[in-house]
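Structure first, then comments.
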Amino acid sequence: MMNVAQEVRNVYENFEIDKDILFFKVGRNGIVSFHGRNYNIKKIMPTEQLNGFIASGQFVKASSNCYVNVGKIIAIEDGMIRFDHGIESKLVPVSMWHQSHLRSLLS
């Protein structure tokens, strides 16, 4: 039986990008901030691996440094991408240009 510390460590070490991540933001020096439903994880990621996630088509650019998981989007409204219903929903701002592109992918 796993204790709470082991469960938390497993989330941080063994998360699956395509299944667990709603969006990620690319920072300086290869640091990527991954955002899941109830957590944020910062990791150093090689450029080749990051480009692979983007090239797969599952993650699409929402702003200059933010990529969203298209399969996890619930709605695009008022310049925001919504990933879940309710008060605790994670929202990401999206430019009009990227909003139009995302809407075409979702339809």
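Odds and ends about this structure:
- Any hit, region 90-99, residues being open to solvent by 40 Å² or more (accessible area, probe 1.4 Å), closer than 19 Å to residue 32 by Cα and basic (Lys, Arg): yes
- Selection of region 61-89 for residues being among the acidic types (Asp, Glu) and open to solvent by 60 Å² or more (accessible area, probe 1.4 Å) yields 77, 78, 88.
- Residue that is nearest to residue 74 (Cα to Cα), among those in region 1-57 that are of a type in the set (Ser, Thr, Tyr) and modelled with pLDDT of 80 or more: 39
- Residues in region 14-52 that are in a loop (DSSP other than H, G, I, E, B) and surrounded by 11 or more Cβ atoms within 10 Å (Cβ to Cβ): 15, 27, 37, 39, 45.
- In region 84-102, the residues that are modelled with pLDDT under 85 and among the charged types (D, E, K, R): 84, 88
- Residue count for region 65-107, restricted to those that are within 14 Å of the chain's Cα centre (by Cα) and hydroxyl-bearing (Ser, Thr, Tyr): 2.
The values are calculated or read from the model by the stated rules, or taken from the named source; none is laboratory data. Everything numeric here is computed off the predicted structure, so don't read it as measured data. So basically every Cβ, Gly included, is an ideal-geometry build from the backbone, and we count neighbours across all protein chains shown. To get the accessible areas, we keep the full protein, side chains included, count just its heavy atoms, and leave off ligands, DNA and RNA. Shrake-Rupley method; radii C 1.70, N 1.55, O 1.52, S 1.80 Å.
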